[in-house]
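Working notes, beginning with the structure itself.
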Amino acid sequence: MQAMIYAIEEINKNPDLLPNITLGYQIFDTCTVLRRTIEGTLWMLSGGKEIIPNYRCEPTVTFAGIVGDSASIRSTQMAHILGLYRYPQISYFSTSPTLSNRKIFPSFFRTIPSDVFQSRGLANLILYFGWSWVGFLANDNDYGQLSLQVIKQELINAGACVAFIETIMTSQANRNAPHIVKVIKGSTAKVVVVLASNPDLIPVVEELARQNVTDRIWIASEAWSTSNILFKEKYQHVLVGTLGFAVRGGQLPGFAQYIYSLYPSKAPNNSFIIELWEEMFSCKWTNHLNSDDRTSNTTAHDCTGEETLGKSKLKVDFGITFNVYTAVYAFAWALESLLHCQPGKGPFHNGCANILSFDPWQLLHYIKRTSFQTKDKTNIFFDDNGDPPAFYDIVNWQISSTGSLEQVIVGRYDSSSTDGNTMSLNHAGIVWVNNKTMVPPSKCSSSCSPGFMKVAIAGKPVCCFQCVPCPQGQISNETDAVNCLPCPWDMWPNLHQGACLPRPIDFLSYSETIGISLAIIAIFSSVVPLGILGLFIHYRTTPIVRANNWSLSCLLLISLCLCFLCSLAFIGYPHLDKCLLRQVTFGLAFSLCISCVLAKTIIVVVAFKATKPGSQLRKFTGVRVSYTLIVLCLLIQVSICVTWLTSSPPFPEFDSNTQSKVIILSCNEGSPIAFWFMLGYLGLLATISFIVAFLARRLPDSFNEAKFITFSMLAFLSVWISYIPASLSSQGKYTVATEIFAILSSAWALVICIFLPKCFIILFRPDMNAKGLLMKKTCG
């Protein structure tokens, strides 16, 4: 009230604002009673004497409008009446969203933001700190319930959840406090939003203090965020750490000094100052008629009037005060616009309005368009719904150095911010529950760390979930992931499944033990046939070398050397050229080798048959027949390989499915049928050689090597028959290693079975390397 008087006196003293016009005022105390609100409205409309509807009994002054009331329910009743006459009404503390409806309340304005802005701001504040599990306390009136609906919807839209909603029953003396506190204690929600007024919240706080509930973060609406009533010492352990929105307090230079200079002697007829004096100094005025109703305390002393209102006695709330101040100035600037209307350019059909006798709807026109700056450079204007810009201070309840609770501004909220940053906070200045420095969490379920995903729990809100590890091959690289994402084909999750790592490429290389070992064995093995070949060349004139088809033996030893060396093509990075040639090289080398063995076997049989008198087989014992047979057998394998390479050639292939953590780089044979057909042809040659050698094993000649060929072919076939299941059961580089092992083993079988006995005789039993001994017949 004093802010209104101060503003009016300041305007009347300002020669630049409404010159030669004096603003007057009437004050009516509604005493927070709805009936008196309606009564006061009609009293002002009638001129301040008697209540006579539709009549103005004060013709000498012009009634401009009303500043008030504070509570939304009372302002609503006033707005219904004033709206009929289009009298402007500017409230300083009514925040109900329904008052923004211009169809119902065409002449209502306010200098405090609507609860819609506050509710959205509180929702943003909750989401800013990552709280997703929130409880609500709300009055059972429009203020609590309408605000609750807005903030709840904002949180749900953002993915947060409501833990509980409890209503403060204003019709009950204890406000349903025992039940409310029981619900709060039983909930896991650590953040509770309270949309209530001071008187209705006190019983709940009393019960919270009695039950020592101290681990909750209270989010306060502007209705109680700056309340001095709740600053009692017994509430400190409950309310410390409270965060809330407070009506932004503007700067009123000189107003505090104006308040502290008030004395009853300066306004002896002002009953409000008398009442304030008695309240502040716990005294009573014996010479005023209205004193006995307010100070019934018999211990109260008499007021002297010399007491002083200092800072220690009276704290000025610049939030509500500033709103009243700006409401008065809104009327003043609207009247200023009306006063300076240029004739002929007025907005009305008859031009301009007369400042001394204007209609209420004419002033309403200017108030809708008023815009001005206060002394602290705050821009004041009204939107199409009569609402001002939403400015809030974000306050934090902390314990001061004196041990009492105090409100510390830790941030700002500005809904009209053009850069999108509606809220700014000073984290370091916030004091949390139990003096914690970290933001306390409030979640139904603990966050799922990377590598896990959220899975909803049946029958519970979406904020309540279980953390389930990501399936194999998938990751989640963020907290509280809803889904796991598969890694690219060439990557694999790390141990914690929080990131994808490159999958190593697996192939039989020279850099690992098995590759080096096989390469060394292959090279060493290839030297052995060459050594035997050198031995045979050195002893080429001896009977045992000459008797066993010298030229075929040399060709066989060279082919065995190639067989050992072809295994090297299977080791190392499988390039396209290597994939194309390695199986073909293997097939041709072994085809040459087995063809030589088959030729030697057939020549042994033919040579024995040709020794009989009159035999026609003598002409087939020459070298030409042997080489013809070898070339023919080799050409068949060549045709198989050429057909394979032209129709479906091998190629390098990245296999990411066989093993989960590595990529197998191998040669795809292109046509498995062609591969097995090539291998089968080798088996056919070996089988024929085995059968022929087996049948000729008992020929009586001492130089007969059929039995050695029989053993060699038996070993050869055993190795490659065993290779089939071994290759099918192995994977990756081990499949290649299995084939190399089969190549080396089968080649060694030929070396050992065919050439080892001859080398033994040459080196260690030269006495047996004689023509007479070799020509000696043995009995069957």
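The values are calculated or read from the model by the stated rules, or taken from the named source; none is laboratory data. Given the structure is predicted, the values throughout are model-derived calculations rather than measurements. Ideal geometry is used to build each Cβ from the backbone, glycine not excepted, and the neighbour counts take in all protein chains shown. Heavy atoms of the whole protein, side chains included, go into the accessibility calculation; ligands, DNA and RNA do not. Shrake-Rupley method; radii C 1.70, N 1.55, O 1.52, S 1.80 Å.
General remarks:
- A straight Cα-to-Cα reach below 20 Å connects K234 with the aspartates and glutamates D200, E206, E207, D215, E406, residues fewer than 8 places away in its own chain not being considered.
- Relative packing of peptides 165-171, 121-127 - highest average C-beta neighbours within 10 Å first: 121-127, 165-171
- Percent accessible area from carbon and sulfur atoms, the chain, protein chains only, probe 1.4 Å: 59 percent
- For the cross-link pairs K152/K443; K182/K436; K185/K443; K182/K454; K103/K368; K661/K733, the ones whose C-alpha atoms lie over 19 Å apart are K182/K436; K182/K454.
- Label zone at N435 (point 7 Å along Cα-to-Cβ), backbone N below 12 Å, segment 381-399: 399
- 5 Å binning of all Cα-Cα separations within segment 357-416, expressed as whole percents from 0 upward: 4, 13, 15, 16, 13, 11, 10, 7, 5, 4, 2, 1
- Extension gain (nm, one decimal) between F524 and I752, 0.36 nm per residue minus Cα-Cα: 80.6 nm
- Within segment 404-508, trypsin sites (Lys or Arg not before Pro) in DSSP loop having at most 16 other beta-carbon neighbours inside 10 Å: K436
- Gain on full extension, evaluated as 0.36 nm per residue between R546 and T60 minus their Cα-Cα distance, stands at 159.8 nm.
- Test item: Cα-centred dipole of the chain, Lys/Arg +1 and Asp/Glu -1 on Cβ, debye: 6000 debye
- Using a probe of 1.4 angstrom and keeping all protein chains present, the accessible surface of the chain works out to 48 square angstrom per residue.
- Kirkwood Rh, Cα atoms: Rg over Rh of segment 328-367: 0.93
- Converting phi to 3J(HN,Hα) with the Karplus coefficients 6.51, -1.76 and 1.60 and the offset θ = phi - 60°, segment 234-244 yields 6, 9, 4, 5, 8, 9, 4, x, 4, 10, x Hz in sequence order, with x at every glycine or proline.
- Simple spin-label estimate for H496 and Q145 gives 5.0 nm between the two label positions (7 Å along the Cα-to-Cβ direction from each Cα).
- Counted over segment 399-543, the DSSP beta bridges are approximately 100% antiparallel.
- Summarising the strand pairing of the chain, around 55 percent of its internal DSSP beta bridges are antiparallel.
- Entry for segment 1-81 at q = 0.21 Å⁻¹: log10 I(q)/I(0) = -1.04, Debye formula applied to identical alpha-carbon scatterers, no solvent contribution.
- Comparing Cα centroids, segment 1-52 and segment 709-771 end up 118 angstrom apart.
- Globularity index of the chain is 1.90 (Cα radius of gyration / 2.2 N^0.38 Å, N = number of residues).
- Separation of the L684 and E307 label points, Cα + 7 Å toward Cβ, nm: 12.3 nm
- Separation in nanometres of the label points that stand 7 Å from Cα toward Cβ, at T98 and I505: 7.4 nm
- Extension reserve of the L728-L763 stretch, reckoned as 0.36 nm per residue once the Cα distance is removed: 8.3 nm
- Computed from the C-beta positions of S171 and Y263 and an R0 of 45 Å, the FRET efficiency is 0.60 to the nearest 0.05.
- A simple charge model with +1 on the Cβ of Lys and Arg, -1 on the Cβ of Asp and Glu and nothing else charged puts the dipole of segment 203-295 at about 220 debye relative to its Cα centre.
- Other residues whose C-beta falls under 11 angstrom from the C-beta of H365 contribute a net charge of +2, scoring Lys and Arg +1 and Asp and Glu -1.
- Of every Cα-Cα pair in segment 38-84, the percent that sits beyond 15 Å: 41 percent
- Euclidean distance of C-alpha centroids, segment 70-99 and segment 307-382, integer Å: 17 Å
- Ordering 92-100, 515-523 by mean Cβ neighbour count within 10 Å, with the highest value first, yields 92-100, 515-523.
- Between the beta carbons of T188 and S449, assuming R0 = 22 Å, the FRET efficiency works out to 0.65 to the nearest 0.05.
- Based on DSSP H segments of at least four residues, each scored -39500 (n - 2.57), the chain has a per-residue ellipticity at 222 nm of -14000 deg cm²/dmol.
- 5 Å-binned pair-distance histogram of segment 484-584 (Cα, whole percent): 2, 11, 14, 12, 11, 10, 10, 8, 6, 4, 3, 3, 3, 2, 1, 0
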